[in-house]
Amino acid sequence: MTFHGLRRSADFSILKVIATAVFGMAALAVITLSFLVWSTWKIDAVSTARQTQMASYVISRFRFEIAHDQESVTVWDDAVKNIREHALSENMAWIHINLGEWMQTYFGHDAAYVVDPEGKPVYAFEDGAQQDAGAYASIEATAAPMLQQLREALRGGNPIGVEDGIDSPGFTDFRILNGRPAVISLKPIVSDTGEIEQVVGAEYVHVAVRFLDGPFLKILETSYDFNNMHFSLTDEADERKAALPLVTNDGSVMGFVVWEPYRPGQDFLTSIAPVLLTIFFLLGGVVSIFIAMLYHRAMANRDQETRIRYLASHDSLTGLLNRASFETLLDAALRERDGIPAQVAILYLDLDRFKPINDTLGHPAGDNVIREVGERISKLLPPHSSLCRVGGDEFNVLTPYRQIDEVEALCTAIVSSVSQPIVLEGQNAFVGISIGVALSPQHGTERTELTRKADVALYSAKASGRGCYSIFGPHMDAMVRERAEIERDLRRALADRSQLHVLYQPKYFAATGEVGSVEALVRWHHPTRGLISPVYFVPIAEEGGLIRELGRYVLEEACRAAAHWPIDNIAVNVSAVQLRYNGFAMEVMSILAASGLSPHKLELEVTETAWMDGSETCTANIRALRAAGIHIALDDFGTGFSTFGRLHETEVDHIKIDKMFIDGLGKDRGDEAIVQAIVELARAKGLKTTAEGVETNEQNDFLTRIGCDELQGFLFAGPMSQEDVGTLLGGRSDTTPRRPGLRKSPTIKNKIGG
Ligand code: C2E
Ligand code: MG
Ligand code: MG
């Protein structure tokens, strides 16, 4: 997955978290608000119930008090007496004062009447004054049934209307009088002493009227803080109004007392609403800021996390997948689908000639090469392929295929693309690439096995000249096995040393034809494989970590042999790997000391690639060796990447021109000019030159003519045994051994190659 892909998936989960948080906050706000509204509603309901209770109590009290007020005048001997003689004007005056006027002024009754046992009115009081008794007619229709009910109860001995606080019977009830709600109370006028005889049920009856609307409701309103209290025949109760039904003695609803109840909850809510809103806004603001901060923090963490994940799975230089993530990908790609094994190719790619570029032009240039190669390969990959950098200058490609031709075409395209020059610091650099291929399922279906086989195929591609691809074949495994066997055998050979020995090839001064020095060349007689060339086993020794021991063996042999030879020096080949050992210079010095050979008589031949190594240990070793007087020769000059320009920086005393150029002499390839330039330049820098691989008289003549210092080659002598060198140098005290001339000595020729 790309960096941006990783980021998008992380974005989505952060948004999910934030959306959940916002939703949670909103839900919390709604719940809080709902709870608040619910509690205010509940408070209001409780308060309204209280007010209804209060109104109910006050009204029932009102009704009770009318009967109670009446009792103060209706249970009274004087009243009985006066009413009996009501025809007399003084009695009527008494009645008016006590049963009419008094009731109004003292108790606030609105009207009062007295009716005789036949139900006829004898007295009427209305509108604050005595009226004609006939005024009773206005209420008679309502009062008459009540009167009848009362008399029947009295006659039946039923103590109707007697209750706690009211001792005399009576009939009190709600009624509508002339459209107004009222309490009508009827009480028989009876003796308080019991001394006046009366017929039960045939008493005079006092009728009191008190209207509920008007002053009463006003008093109720102001005394108990009711709002807009009024009477209504219908139930007007709604969310703003409360209504108390007025229930008559027979259970029917006569009407309603209606008011706008006090709602403390709503009042509270209204009064705190601005504060609440402000708090909500502030809280919302704080929460928003908090969420924004959280979001930014999460984004920053996410970016960092994504970056860490990206870095963990990608190569920082090229941005390609790294080995670990490639392996995961490969495992997934190799998994069977529906029982069918995956058909994928694994390409193991390794740059050719990369190290010299890295060494000569520096690591930044090397990095550019790696990046450029990565890009070139990426562009060639078919869909669903992956490219990873496994390290250094090695890449892996995973690509699905149908026909093998597709894989071959891809390899050819990669090899061709990478072989195109890469521009570095304005110069064209040439690298190549070698590719090893393993195919699933035919070469295996398991990652490690396939990668190993691709690596083996790569080795084979390298061995067959680089800049090509090679598809794994079973013979390659055999080759790898053989190498492993050779390594194992070489280890044994180094332990007992009987199979190893050193030959020496003379080098002749061109000017005099005298033997100036000899070069030590190692030989290995394998018990079953016969003679194995150092060209083959030295790299195996290098890779297998045996080169240090092999090198020490050759150096010891050569120094011991040369200690008594009358030559300028003995040349010993040294591998770049040896120069990378920290104590190499010290080791050489101790071998010299043990052999008794003077440091001035030792020359170490180092190949160009060792020079290019540029490692500090390598440079330090060479400096230390030169400081001790040991000469350093640059072997196979011209095959590597040394430029003339760099020669002066190089800690070297001697240049050995590679056989490749000597072979080219006289072949119209322009090699004469190159060789001459090398010789002249070396001379100008004070360096000695040797031409190696001289095989013809023409080469000999040319090299001698241009002033090459030393010549070495089969034309004069091949590598020979220590004894033969002794023989060759033996006569030196009297006659200096000279170049054998144009003819190879048969004795010497026989020794070539062993
Ligand atoms: P080199 O150091 O360039 O040695 C010269 C090689 O050229 C030798 O091969 C030598 O036998 C061969 N040679 C000399 N004159 C002629 C000629 O006229 N014509 C032809 N065709 N070949 C000629 P050799 O001994 O097989 O060694 C090959 C390489 O193996 C050496 O190349 C050197 O790089 C390496 N080598 C040999 N011995 C040692 C050793 O003791 N240590 C290390 N590190 N490398 C060694
Ligand atoms: Mg050499
Ligand atoms: Mg050489």
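The values are calculated or read from the model by the stated rules, or taken from the named source; none is laboratory data. The model shown is predicted, which means the values in this text are computed figures rather than measured ones. Please note: Cβ atoms are built from the backbone with ideal geometry, for glycine as well, and neighbour counts cover all protein chains shown. The area values use the complete protein model at the heavy-atom level, side chains included, leaving out ligands, DNA and RNA. Shrake-Rupley method; radii C 1.70, N 1.55, O 1.52, S 1.80 Å.
Structure data summary
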{"read-out": "Scan of the range 132-173 for residues that are more than 25 Å from R61 (Cα to Cα) and among the basic types (K, R), ordered by number", "value": "R155"}
{"read-out": "Strands (runs of 3 or more DSSP E) completely within the range 391-431 that count 3 or more residues being open to solvent by less than 50 Å² (accessible area, probe 1.4 Å)", "value": "394-400"}
{"read-out": "Qualifying position, being without any contact (Cβ under 8 Å) to a residue 40 or more places away in the chain, in contact with a Ser or Thr (Cβ under 8 Å, 6 or more places away or on another chain) and either within 15 Å of ligand 3 (Cβ to nearest atom) or not acidic (D, E) (or both), among A677, A682, A717", "value": "A682"}
{"read-out": "Some residue of the range 607-619 being modelled with pLDDT of 75 or more, within 16 Å of ligand 3 (Cβ to nearest atom), within 58 Å of the chain's Cα centre (by Cα) and among the hydroxyl-bearing types (S, T, Y)", "value": "yes"}
{"read-out": "Selection status of G513, at positive phi and more than 16 Å from ligand 2 (Cβ to nearest atom)", "value": "yes"}
{"read-out": "Long-range neighbours under 6 Å by Cβ, at least six apart or interchain, first residue without any contact (Cβ under 8 Å) to a residue 60 or more places away in the chain within the range 566-580, second aromatic (F, W, Y) and more than 9 Å from ligand 1 (Cβ to nearest atom)", "value": "Q578/F584"}
{"read-out": "Hits in the range 130-144 - residues which are within 13 Å of N178 (Cβ to Cβ) and open to solvent by 40 Å² or more (accessible area, probe 1.4 Å)", "value": "A137, S138, E140, A141"}
{"read-out": "Qualifying positions in the range 514-523 - more than 10 Å from ligand 1 (Cβ to nearest atom) and buried (at least 18 other Cβ atoms within 10 Å of the Cβ)", "value": "V515, G516, S517, V518"}
{"read-out": "For F226: the one exception among (1) of a type in the set (A, V, I, L, M, F, W, C); (2) open to solvent by less than 30 Å² (accessible area, probe 1.4 Å); (3) modelled with pLDDT of 90 or more", "value": "(3)"}
{"read-out": "Count - residues of the range 481-507 that are in a helix (DSSP H, G or I), open to solvent by 50 Å² or more (accessible area, probe 1.4 Å) and either without any contact (Cβ under 8 Å) to a residue 24 or more places away in the chain or of a type outside the set (D, E) (or both)", "value": "9"}
{"read-out": "Every residue from the range 674-688 that is closer than 16 Å to E603 by Cβ, touching a Leu at 6+ places or on another chain (Cβ under 9 Å) and not in a helix (DSSP H, G or I)", "value": "L687"}
{"read-out": "Qualifying residue in the range 341-350 (condition: farther than 20 Å from C468 by Cβ, part of a strand (DSSP E or B) and open to solvent by less than 60 Å² (accessible area, probe 1.4 Å))", "value": "yes"}
{"read-out": "Qualifying residue in the range 633-653 (condition: within 16 Å of ligand 2 (Cβ to nearest atom), at pLDDT 95 or above, of a type in the set (V, I, T) and buried (at least 19 other Cβ atoms within 10 Å of the Cβ))", "value": "no"}
{"read-out": "Candidate set: the range 704-714, residues that are in a loop (DSSP other than H, G, I, E, B) and open to solvent by 20 Å² or more (accessible area, probe 1.4 Å); chosen: the one farthest from ligand 3 (Cβ to nearest atom)", "value": "G707"}
{"read-out": "Number of positions in the range 74-105 that are open to solvent by 60 Å² or more (accessible area, probe 1.4 Å), over 20 Å from S168 (Cβ atoms), among the hydrophobic types (A, V, I, L, M, F, W, C) and part of a helix (DSSP H, G or I)", "value": "1"}
{"read-out": "Qualifying residue in the range 533-548 (condition: open to solvent by less than 10 Å² (accessible area, probe 1.4 Å), within 27 Å of T689 (Cβ to Cβ) and not polar (S, T, N, Q))", "value": "no"}
{"read-out": "Scan of the range 337-363 for residues that are closer than 20 Å to S385 by Cα and aromatic (F, W, Y), ordered by number", "value": "Y348"}
{"read-out": "Residue satisfying condition, being open to solvent by 70 Å² or more (accessible area, probe 1.4 Å), touching a residue at least 24 places away in the same chain (Cβ under 8 Å), under 25 Å from S440 (Cα atoms) and of a type outside the set (F, W, Y), within set R323, R307", "value": "R323"}
{"read-out": "Matching option when the condition is more than 15 Å from ligand 3 (Cβ to nearest atom), under 23 Å from Q505 (Cα atoms) and either open to solvent by less than 30 Å² (accessible area, probe 1.4 Å) or part of a helix (DSSP H, G or I) (or both), among D663, D701", "value": "D701"}
